[in-house]
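One structure below.
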Amino acid sequence: MARTETSTHCPYCALQCGMNLRPVTDGTVVEVVERTDFPVNRGALCGKGRTAPAVLSSAVRLTVPLVRSAVSGELEPAGWDEALERIADGLRGTRAAHGADAVGVFGGGGLTNEKAYALGKFARVVLATSQIDYNGRFCMSSAAAAHQRAFGLDRGLPFPLEDIPRTGCVILVGSNLAETMPPALRYLTELRENGGKLIVIDPRRTRTAEQADLHLAPRPGTDLALALGMLHLVVADGRVDEEFVASRTNGWDEARAGVMAHWPELVERITGVPVPQVREAVEMFCGAETGMVLTARGPEQQSKGTDTVGAWINLCLATGRAGRPLSGYGCLTGQGNGQGGREHGQKADQLPGYRKLTDPAARRHVAGVWGVDPDALPGPGRSAYELLDALGSEVKALLVMGSNPVVSAPRAGHVEERLRSLDFLAVADVVLSETAALADVVLPVTQWAEESGTTTNLEGRVLLRQRAVTAPEGVRSDLEVLNGLAGLLGHGKGFPAEPREVFDELRRASAGGPADYAGITYERIVAEDGVFWPCPDEGHSGTPRLFLDGFATDDGRARFVPVTHRPAAEETDAEYPVVLTTGRVVSQYQSGAQTRRVAELNAAAPGPFVELHPRLAERIGVADGEAVAVTSRRGRAVAPARITVAIRQDTVFMPFHWAGGGRANTLTNPALDPISRMPEFKVCAVRVEPA
Ligand code: SF4
């Protein structure tokens, strides 16, 4: 590597591909160079990663704070002092008039661990509010809740990606890796080259499903029933691993009773998957010595997401495919720091180290690190959608960091209305996102290559993004923003702007907790290509594989949880006869705030579309490319038709990266999972007609 290159990681998804950055001009612009020695992606990058530097020098990049003028009503350039004082006044004034919980904070799963930690501390110590949550709630919260419930600990993948090609069979549920994280597809390709089997479960025949030995296409929202149907056959065929169940689990008898009610024929009626295919999936999964079930947003973004994931975990437990080498359940987290973002305190119910906010010992420990009275720390607040829904009523002022809910939240039209109704809104972002455009104050902040900080990828591997370029003049880091605001709000100490200083405090705050980072240092991360948590001291080698010696429950045994199928919160009817499901495309990322500003990505994926089956297209009278109106009980979106046999006849698909008239989340249902508080992005009832 030339001395001028800097090793770092992609700013986008949870794979956190390694890359080198090489300056190509005066140190302000860089190009991406392959980094073949990094084990996760071995040099492979998708188009988003390759083009990520374009956002650094984008012409629409914010480089000066904006403050809404009382005279013109427009956002106008301002100095940093004025902007920060306006925010401090807005937050202070709201608290004085309406109480601490009238001030909310909304974070993001793309924030580094240091920022997520500092934001949580800022909310609870400086603002003394319980009202903090983040967009990661919309990402993997159901899998996290199911993981906690069954295993006593949530780490997306309890094993490294390198184990995948060596297992016998993978069931991939609701994940389109070929589009969401293309370099990870090679793990599945290698699995099949090694003789392993791949089963993909997805209502669409995606590019990932095309790689599978077996593709099952259930009706959206019915994968829980499919898992129960498979488990029914496992029991009926005598394939339960009785020794594993007896020695390493609890609760099988109760779970088994519910399973037996899900006859294969009933499961076929619910899911639309023919019984022989369900049987073939069981043969394939149980026919291998080892196996894994990997879920993503498909089963998780449902109003029964926790139970749906729980049903797949039950299948793993009953067949002895958990807590053993090359076997287990894992969640493919989506956002860049989707894993670390949920561990360090920006979640409504959690403190750093993945500790529970309601645990008195956790409160004492963290309060000790923060130098505050544990009794003064607020309790749990509202979950992400509930917080957004309360804007303008119970919550009057909001600080947003690293999120664009106007595009990414469910029932987005309503969320946009709620944001407009606030007394005060401040947003820190790199571009004028749709949410920032509504703000009273917008702060221009640094990006991935302009700052250092850690992220934790989907494997639980803690990584270091290193600063490669100097930020443009006029731009400050999120940590500097929190440092400045804390000072103005009477907390001059405790909010360092240096990432390393924040990380060292995070290590102390996480020590002894479930996600223990105490032994992880910036130097170790660089030297070891990342360190897997838990890592309790600097002599500890980290933990790539969890649960091999016991699960993280009190008695070391995994817990079966009885679950039963229930319909989606909103079923189709005569008025809304079609199911809408949403997702991503390869050339855009999440709300598109960054990727829509990259010419190459925009050319590849310029706008939304409605994917529908030729029979449905014929029935409603629409040709490929013609405008289609999709209407749900929450609103209407219009986009060109993309006709394909790769989708069920009763289902349409829309990607959710765009704002405006084609905004998919105008339509989605905010019905929440009762445990994880995950909205039901993946299933709602719609009417489809020519626009
Ligand atoms: Fe970046 Fe994810 Fe693409 Fe890798 S797969 S380059 S981390 S967006």
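The values are calculated or read from the model by the stated rules, or taken from the named source; none is laboratory data. Quantities reported herein were computed from a predicted structural model and do not represent experimental measurements. Cβ sites come from the backbone with ideal geometry, for glycine too, and all protein chains shown count toward neighbours.
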Check: Which one of Gln350, Gln335 is within 16 Å of the ligand (Cβ to nearest atom) and either at negative phi or surrounded by 22 or more Cβ atoms within 10 Å (Cβ to Cβ) (or both)?
Finding: Gln335
Notebook entry, point to check: Here are some conditions: (1) more than 16 Å from the ligand (Cβ to nearest atom); (2) under 22 Å from the mean Cα position of the chain (by Cα); (3) surrounded by fewer than 24 Cβ atoms within 10 Å (Cβ to Cβ); (4) outside any helix (DSSP H, G or I). Ala145 meets all but one. Which one does it not meet?
Noted result: (4)
Check: List, please: which pairs have Cβ atoms under 6 Å, are six or more places apart or on different chains, and start with a residue in the stretch 48-62 that is in contact (Cβ under 8 Å) with a residue 60 or more places away in the chain and within 16 Å of the ligand (Cβ to nearest atom) and end with one that is among the hydrophobic types (A, V, I, L, M, F, W, C) and assigned to a strand (DSSP E or B)?
Finding: Pro53/Val30
Item checked: Index of the failed condition, Gly156 passing every other in (1) more than 16 Å from the ligand (Cβ to nearest atom); (2) farther than 25 Å from Arg279 by Cβ; (3) of a type in the set (Gly, Ala, Ser) -> (1)
Next item on the list: May I ask you to say which residue of Gly490, Gly542, Gly494 is at pLDDT below 95 and on the phi > 0 side of the Ramachandran plot?
Entry: Gly494
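Residue-wise test of (1) more than 16 Å from the ligand (Cβ to nearest atom); (2) closer than 21 Å to Ala311 by Cα.
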position	(1), (2)
Asn176	no, yes
Arg192	yes, no
Gly196	yes, no
Ala212	yes, no
Asp223	yes, yes
Check: Which residue out of Cys286, Cys316 is free of Cβ contacts under 8 Å to residues at least 40 places away in the same chain and under 14 Å from Met230 (Cβ atoms)?
Finding: Cys316
Notebook entry, point to check: Considering Phe495, Phe547, which residue is more than 30 Å from Thr63 (Cα to Cα), in contact with a Gly (Cβ under 9 Å, 6 or more places away or on another chain) and part of a loop (DSSP other than H, G, I, E, B)?
Noted result: Phe547
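Here's the yes/no breakdown for (1) without any contact (Cβ under 8 Å) to a residue 40 or more places away in the chain; (2) in a loop (DSSP other than H, G, I, E, B); (3) within 27 Å of Ile525 (Cβ to Cβ):
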position	(1), (2), (3)
Thr4	yes, yes, yes
Ser7	no, no, yes
Gln16	no, yes, yes
Glu31	yes, no, yes
Phe38	no, yes, yes
Ala70	yes, yes, no
Gly73	yes, yes, no
Glu76	yes, no, no
Glu85	no, no, no
Checklist line | All positions within the stretch 643-669 that are surrounded by 24 or more Cβ atoms within 10 Å (Cβ to Cβ), touching a Pro at 6+ places or on another chain (Cβ under 7 Å) and over 17 Å from Gly298 (Cβ atoms) | finding: Trp658
Next item on the list: Please go through the stretch 456-481 and pick out each residue that is assigned to a helix (DSSP H, G or I), more than 19 Å from Asn337 (Cα to Cα) and aliphatic (A, V, I, L, M).
Entry: Val481
Margin query: Tell me the residue from Val24, Val71, Val40 that is within 11 Å of the ligand (Cβ to nearest atom) and not assigned by TED's automatic domain parsing to the domain that holds Leu185, please.
Written below: Val40
Margin query: All but one of (1) part of a loop (DSSP other than H, G, I, E, B); (2) surrounded by fewer than 21 Cβ atoms within 10 Å (Cβ to Cβ) hold for Lys682; state the number of the condition that does not hold.
Written below: (2)
Note to self: Can you report the number of residues in the stretch 242-263 which are on the phi < 0 side of the Ramachandran plot and touching a Pro at 6+ places or on another chain (Cβ under 9 Å)?
What the structure shows: 6
Checklist line | Residue that is surrounded by the most Cβ atoms within 10 Å (Cβ to Cβ), among those in the stretch 257-283 that are at pLDDT below 95 and either outside the structural domain of Leu228 (by TED's automatic domain parsing) or under 32 Å from the mean Cα position of the chain (by Cα) (or both) | finding: Val259
Next item on the list: Would you check which residues across the stretch 152-193 are of a type in the set (S, T, N, Q) and under 18 Å from the mean Cα position of the chain (by Cα) and list them?
Entry: Ser175, Asn176, Thr180
Check: Would the stretch 467-474 turn up any residue that is touching a residue at least 40 places away in the same chain (Cβ under 8 Å), touching a strand residue (DSSP E or B) at 6+ places or on another chain (Cβ under 6 Å) and either within 25 Å of Pro39 (Cα to Cα) or surrounded by 19 or more Cβ atoms within 10 Å (Cβ to Cβ) (or both)?
Finding: yes
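Take Leu45 and tell me if it is within 16 Å of the ligand (Cβ to nearest atom) and under 29 Å from Glu505 (Cα atoms).
no
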Next item on the list: Tell me which residues, restricted to the stretch 522-542, are surrounded by fewer than 18 Cβ atoms within 10 Å (Cβ to Cβ) and under 26 Å from the mean Cα position of the chain (by Cα).
Entry: Tyr522, Val526, Glu528, Asp529
Margin query: Which count do you get for residues in the stretch 86-102 that are surrounded by 17 or more Cβ atoms within 10 Å (Cβ to Cβ), in contact with a Lys or Arg (Cβ under 6 Å, 6 or more places away or on another chain) and not hydroxyl-bearing (Ser, Thr, Tyr)?
Written below: 1
Next item on the list: Would you point out which residue out of Ala83, Ala44, Ala78, Ala59 is surrounded by fewer than 14 Cβ atoms within 10 Å (Cβ to Cβ) and of a type outside the set (Phe, Trp, Tyr)?
Entry: Ala59
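For the structure I just gave you, tell me whether Pro65 is away from the ligand (no atom under 16 Å from the Cβ) and buried (at least 20 other Cβ atoms within 10 Å of the Cβ).
yes
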Next item on the list: Report yes if Val502 is part of a helix (DSSP H, G or I), of a type in the set (Val, Ile, Thr) and surrounded by fewer than 17 Cβ atoms within 10 Å (Cβ to Cβ), otherwise no.
Entry: no
Checklist line | Out of Ser421, Ser393, Ser327, Ser403, sole residue that is within 20 Å of the chain's Cα centre (by Cα) and more than 16 Å from the ligand (Cβ to nearest atom) | finding: Ser403
